[in-house]
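One structure below.
Rule-based calculations on the coordinates, nothing more; no lab input. Keep in mind the model is a prediction, meaning the values are calculated, not measured. Cβ: placed from backbone, ideal geometry, glycine included. Neighbour counts: every protein chain shown.
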Amino acid sequence: MDNQPDREDDAPLAKRDQDDVPVEPQVDPVVASKEILSTRTSRAWIRLLPALVVLVIILVFVFQNPKDVTVSLFTFSGTLPLSVALLGAVVLGALMTLALGSVRIYQLRRQVHSRSER
């Protein structure tokens, strides 16, 4: 411990040799241009797979629930397969959520816009 300085600032600087300098690898422009880039079409194919999985799950649900049920809404009533009634309820719920979310986003944008004018 006697030979080591107490602080890092007191330490002698090491000299760098030419061999110590990192060398960046040379990139051949011909090889770099052969790299396959992502495109909108390729990303669309990747997004298609989860949609197909959801479609298969929905189809299995529909085929496993063919029993007819009576559905009443206000003064209207009718008979539908159970799966169609449930999918309709899900779609109506999603539309209500979308409508309420859109109104909230509109309110927030108006607040941000009014604050930026001040």
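Among Pro66, Thr97, Ser116, flag the residue with its Cα farthest along the positive direction of the charge dipole of region 37-117, charges on Cβ as +1 for Lys/Arg and -1 for Asp/Glu.
So the residue we want is Ser116.
Over the Cα atoms of region 37-117, what radius of gyration and what Dmax do you get, in Å?
20.0, 59
So, with +1 on the Cβ of K and R and -1 on the Cβ of D and E, and no other charges, what is the size of the charge dipole of region 37-117 about its Cα centre, to the nearest 20 debye?
Approximately 440 debye in magnitude.
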